[in-house]
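Down below is the structure, laid out as structure tokens.
The values are calculated or read from the model by the stated rules, or taken from the named source; none is laboratory data. Quantities reported herein were computed from a predicted structural model and do not represent experimental measurements. Reconstructed Cβ throughout: ideal geometry from the backbone, glycine too, with neighbour counts over all protein chains shown.
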Amino acid sequence: MTILTTILALAPALGGVSEPSGGLLAIKVGRAETVSGAAIEHAVILVDNGQIVEVGADLPVARGIPVFERPDWVVMPGLVSCYTRLGVDSRAGQEFSPEASPTPEIFPRHPDYKEVLEAGVTTIGIYPPGTGFPGHAAALRPHGATLAEMLVDEDAYLKVYFRANAQAKKQVRDAWAKVDEHDEKVKKAKEKFDKDSKGKSSEKKDEEKKEGEAKPEEKKDDKSKAFVPPEADAKIKPFLQVRDGELGMLVSLSQAADWAHWADAIGERKLDYALRVVMTREIDMFEVKEEIGKRGLRVVMEPQLSLVQGTMRQRNLATELAAAGAKIAFKPRNDTAGDHAAWLRHVGEIVGAGFSRDLALKAVTLEPAAVLKLDKKLGSIEKGKTANFVFLSGDPFEPSTQVMAVMLDGEFVSGEVKE
Amino acid sequence: MKLAQRFGALGALALAAFAFVARPALAQDGEKKDDKKDEAAKDKKDEKKDEWFAVTGGDVYTGTGAVLRGATVLSKNGVIEALGHDVEVPAEAKTLDATGMRVYPGLVAINSSGLFGMAAGDFADSVDPYNQRMLLALASGITTAGQSNTALKLKRRDIKNVVLRERYLATLSFTNSNPSGKREWVEKFDKAARYLRDYREWEEKKRDNKDLKEPNASGVDSTARAILEGRVLARFNSSSREDLLEVARLAQRFGFRPVIDGCVEGWTVADELGRAGAYAVVTPRDRRDKEEQLVRDGGSSIENAAILHKSGVQVCVIPSTTGVDLGGIAGRDILHLPIEAGFAVRGGLSDQAALESITIVPARLLGVSHKVGSLEKGKDCDLIVLDGDVLHYQSLVQYTVVEGKVAYDKSAELFYAHIRPRPTDQLAPESRQDKGESDEKPEGAKETPADKPAEGPKPEDKPEDKPEEKPEEKPKDG
């Protein structure tokens, strides 16, 4: 009932004012897969200025608000493809460059973006290619004439490509050792600062900014100024951000042994990260599902069944991981626009093989959004979230279902919806 | 915890009763150690609980020559704590009932490839403990293997402490086909020997004369020196009679024990090799033609291993292919280590020597015989439980235990579970006991086309050694 009153109160107030700007819109569909909660039949979604203002069943819409009504359609949040190289080439290096970003490579008018947008994908995460620490991924809207228009978040997650070998393990250990080194440096600088400010030294120290010096660096203009920690090396900064939870981390693994050595390399360190599991025909990742599940990690993987090695026995890794406690985020099977279009159908196959339907809906929206650290902003149909929707002719996982229209930030960007 | 402590002392006492397992001195050492451990355990409290594991009721072939029928092997934290008949098993111990089955030390393959994943080095940081080849090797009884001159433990689902020892063998090229290389090695050994002699002399004399200068080690080959000092073993790849004799002479001249790979014509010069204290790494199925223009003996012989052994050469057996062939049943790869040893038995090697050739001898060559290779108190609890003689081609490994943990259970893995499934209590209550003492199965050998080797060990080779084999346990073949 509170919903009703709000909407009634809100609608006239906004409706009158915002109508000229054309912001407010009521969407009436047969069913809304909200993802965050239960599905809503006869759903009404009120959108204003690119945001979801209200969601409910059969909400009355105040007069004057334009209504987009499709009683046969199903709406779900726009799909989120969090791990892709769409529109950029796959040349990769081997250097240690955690600070690198893939954004300079992006060509906004690449036809792939239009194609995936029409398939219902409203957010993509472009990752940097390469082994080791090739850089961090950026979150984009596959729509816009310039990079600035496309960009949602430049720092989505730090990409780590990890395989079970001595070199990779050393790189991981070294990186975190440097973080500890930096912390030590900050601690020392802080102590010195505290001492200095107490001791009230007369002369003003020059600003020193030399990286890689054993001596703790200090940045002080005035005694009265607050403590400014020494600047971290650009190559270390992403790790500090990961540690402080500002930046996500996605660790790419291809087999159970990779996991074992990764867990060994990071040791006891508490880190917030997601896994990227590269699905192969005979993947043995189920061997470590309990370990992954126990930590409640998010796993980005293809909606694909695998086989027990040397046999034709099928295994449903996604289902097994989810049962063990992991969160599943799907990515399209192949990194092509075509497989983005077939994405829901492929996920439907996994659902047919026993994966929970509710989790599957999450696995293409909210979970990948969480990998991009955007789950507070998008990924479900909830009040306050971005109005990114896919309008479907029927159930999302039904093979015959078609994408009818796509809304991005409250605007229809695809589909025959002009009235 | 208390029980465990009490047990420690008891176990050691019980063990002392078994003269063939441990000398009294050892047992006493064990007791002392246990006391220390007890104290340490008290300090640590429940920080780390001891992990007990016991294999009970099996006929334990210790690998040292003893057979303990219906005995118990008890492991504490992966190390054998006690073995014998009066072993008290702590209540919290996990147990494995091996009644009616045989317990052997885990097999050791001196060479292998691919068992530890794709990597060929840096095993501690790259081992793949989930790969199928490792599982298959465990299913064939192998618990320790050498690869890239590293001794490695087959630890399933565990990447910790996989490397047992590195670089214990130094391969030398010393053949008649490479005369300059031969000369070089002789010079290197000569120099190293002279240096070591000088060094010893200096050590003797420096007590009286402190000003004496230490002999100069520059120019002394480090490998040759390490070999002469016994820190590494010299490994040769020799098969022809002439090469073998050269190696034997070199070893005798400089006083080290050579490891000879191949050693195909070893049987022709076995006494020389025995005198040189050689180890031979043989593949009994290797074939080599005699050089017909020569009057002397030559070529391969099925009796090679037996003759070498009789002459005092320690024989290690390895199949001709040291990888695992997943493409089909190859029959000559690392998974058939005991069958290869069975061929040595076919040539007259004793069962005991054949068992040693795939357990303790390779363990010695890898420099890990203090840890693996036989079932003795204080060694790692690496053992295999089989339904018959380990050297018999129809025997199947039922369980493989690595460091006190079941790493392979035949009925739980898909590879061999369907072949002669283990009877359950309901299906065949007494099928494993009191039967088949005199059962032979000559027709069984004929009826199994998969058992290709026609000259495999026939049951009559060792009649009294398989009490539990029965005609109804014939392989179903598929």
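Residues checked against (1) over 24 Å from A:V74 (Cα atoms); (2) surrounded by 20 or more Cβ atoms within 10 Å (Cβ to Cβ); (3) small (G, A, S); (4) at pLDDT below 95:
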| position | (1), (2), (3), (4) |
| --- | --- |
| A:L10 | yes, no, no, yes |
| A:S18 | yes, no, yes, yes |
| A:L25 | no, yes, no, yes |
| A:G37 | no, no, yes, yes |
| A:I45 | no, yes, no, no |
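Being part of a loop (DSSP other than H, G, I, E, B), among the acidic types (D, E) and crowded, with 22+ Cβ neighbours inside 10 Å is a property that B:D211 lacks. On inspection, A:G125 qualifies as closer than 30 Å to A:A257 by Cα and not assigned by TED's automatic domain parsing to the domain that holds A:F389.
Scanning segment A:241-263 for residues that are over 15 Å from B:A124 (Cα atoms) and not polar (S, T, N, Q) gives A:V242, A:R243, A:D244, A:G245, A:E246, A:L247, A:G248, A:M249, A:L250, A:V251, A:L253, A:A256.
Within segment A:150-166, is even one residue surrounded by 22 or more Cβ atoms within 10 Å (Cβ to Cβ), of a type in the set (G, A, S) and within 14 Å of another protein chain (Cβ to nearest Cβ)? Checked segment A:150-166: at least one residue is surrounded by 22 or more Cβ atoms within 10 Å (Cβ to Cβ), of a type in the set (G, A, S) and within 14 Å of another protein chain (Cβ to nearest Cβ). Within segment A:310-343, restricting attention to residues that are among the charged types (D, E, K, R) and within 14 Å of chain B (Cβ to nearest Cβ), which residue is nearest to A:E291 (Cα to Cα)? So the residue we want is A:R315. Does A:Q304 satisfy the criteria of being within 12 Å of chain B (Cβ to nearest Cβ) and surrounded by fewer than 22 Cβ atoms within 10 Å (Cβ to Cβ)? The answer is no for A:Q304. Scanning segment B:156-172 turns up at least one residue that is within 13 Å of chain A (Cβ to nearest Cβ) and part of a strand (DSSP E or B).
B:E81 meets each of the listed conditions (1) at pLDDT 95 or above; (2) more than 18 Å from B:V406 (Cα to Cα) apart from (2).
When the residues of segment B:403-424 are filtered to those that are among the small types (G, A, S) and assigned to a helix (DSSP H, G or I), the one that is farthest from the other protein chains (Cβ to nearest Cβ) is B:S411. Taken residue by residue, segment A:265-286 has no member that is farther than 17 Å from A:K331 by Cα, in a helix (DSSP H, G or I) and of a type in the set (D, E, K, R). Annotation for segment A:57-72: no member residue is crowded, with 23+ Cβ neighbours inside 10 Å and either in contact (Cβ under 8 Å) with a residue 60 or more places away in the chain or not assigned by TED's automatic domain parsing to the domain that holds A:L372 (or both).
The single condition from (1) surrounded by 23 or more Cβ atoms within 10 Å (Cβ to Cβ); (2) over 20 Å from the mean Cα position of the chain (by Cα); (3) more than 11 Å from every other protein chain (Cβ to nearest Cβ) that A:R281 fails is (1).
Would you point out the residue of segment A:227-264, among those that are assigned to a loop (DSSP other than H, G, I, E, B) and surrounded by 21 or more Cβ atoms within 10 Å (Cβ to Cβ), that is farthest from the other protein chains (Cβ to nearest Cβ)? It comes out as A:L247. Among the residues of segment B:408-415, is any surrounded by 24 or more Cβ atoms within 10 Å (Cβ to Cβ) and either of a type outside the set (F, W, Y) or not assigned by TED's automatic domain parsing to the domain that holds B:D97 (or both)? Scanning segment B:408-415, I find no residue that is surrounded by 24 or more Cβ atoms within 10 Å (Cβ to Cβ) and either of a type outside the set (F, W, Y) or not assigned by TED's automatic domain parsing to the domain that holds B:D97 (or both), so the answer is no. Here B:G327 fulfils each of the conditions (1) touching a residue at least 40 places away in the same chain (Cβ under 8 Å); (2) more than 24 Å from B:R288 (Cα to Cα) apart from (1).
Within segment B:215-273, the residues that satisfy the criterion of being out of contact with any helix residue (DSSP H, G or I) (no Cβ under 9 Å at 6 or more places or on another chain) and either part of a loop (DSSP other than H, G, I, E, B) or free of Cβ contacts under 8 Å to residues at least 12 places away in the same chain (or both) are B:S218, B:G230.
Among the residues of segment B:50-74, the one identified as among the acidic types (D, E) and either under 16 Å from B:T99 (Cβ atoms) or within 19 Å of the chain's Cα centre (by Cα) (or both) is B:D59. Just checking, which of B:S374, B:S431 is crowded, with 21+ Cβ neighbours inside 10 Å, hydroxyl-bearing (S, T, Y) and either under 25 Å from B:L68 (Cα atoms) or at pLDDT below 95 (or both)? Exactly one residue qualifies, and that residue is B:S374.
For A:P368, state whether it is outside any loop (DSSP other than H, G, I, E, B) and not hydrophobic (A, V, I, L, M, F, W, C). Yes, satisfied. Checking each residue in segment B:376-423 for being over 23 Å from the mean Cα position of the chain (by Cα) and at positive phi picks out only B:R420. The set of residues in segment B:347-367 that are of a type outside the set (D, E), surrounded by fewer than 22 Cβ atoms within 10 Å (Cβ to Cβ) and in contact with a helix residue (DSSP H, G or I) (Cβ under 9 Å, 6 or more places away or on another chain) comprises B:G347, B:G348, B:S350, B:A353. For segment A:297-311, does any single residue satisfy the condition of being modelled with pLDDT of 90 or more and in a helix (DSSP H, G or I)? So far as segment A:297-311 goes, no, none of its residues is modelled with pLDDT of 90 or more and in a helix (DSSP H, G or I). Somewhere in segment A:319-340, is a residue touching a residue at least 24 places away in the same chain (Cβ under 8 Å), part of a helix (DSSP H, G or I), touching an Asp or Glu at 6+ places or on another chain (Cβ under 6 Å) and closer than 30 Å to A:V406 by Cβ? Within segment A:319-340 (the criterion being touching a residue at least 24 places away in the same chain (Cβ under 8 Å), part of a helix (DSSP H, G or I), touching an Asp or Glu at 6+ places or on another chain (Cβ under 6 Å) and closer than 30 Å to A:V406 by Cβ), the answer is yes, since at least one residue qualifies.
Only one entry of A:K383, A:K376 meets the criterion of being out of contact with any strand residue (DSSP E or B) (no Cβ under 9 Å at 6 or more places or on another chain), charged (D, E, K, R) and surrounded by fewer than 19 Cβ atoms within 10 Å (Cβ to Cβ), and that entry is A:K376.
Looking across segment B:81-112, the residues that are among the hydroxyl-bearing types (S, T, Y) and surrounded by fewer than 18 Cβ atoms within 10 Å (Cβ to Cβ) come down to B:T95, B:T99. Against the criterion of being over 12 Å from the mean Cα position of the chain (by Cα), over 19 Å from B:A278 (Cβ atoms) and without any contact (Cβ under 8 Å) to a residue 12 or more places away in the chain, B:G342 does not qualify. Taken together, A:G348, A:G394 contain a single residue that is in contact with an Asp or Glu (Cβ under 9 Å, 6 or more places away or on another chain), small (G, A, S), surrounded by fewer than 24 Cβ atoms within 10 Å (Cβ to Cβ) and closer than 18 Å to A:A318 by Cα, which is A:G348.
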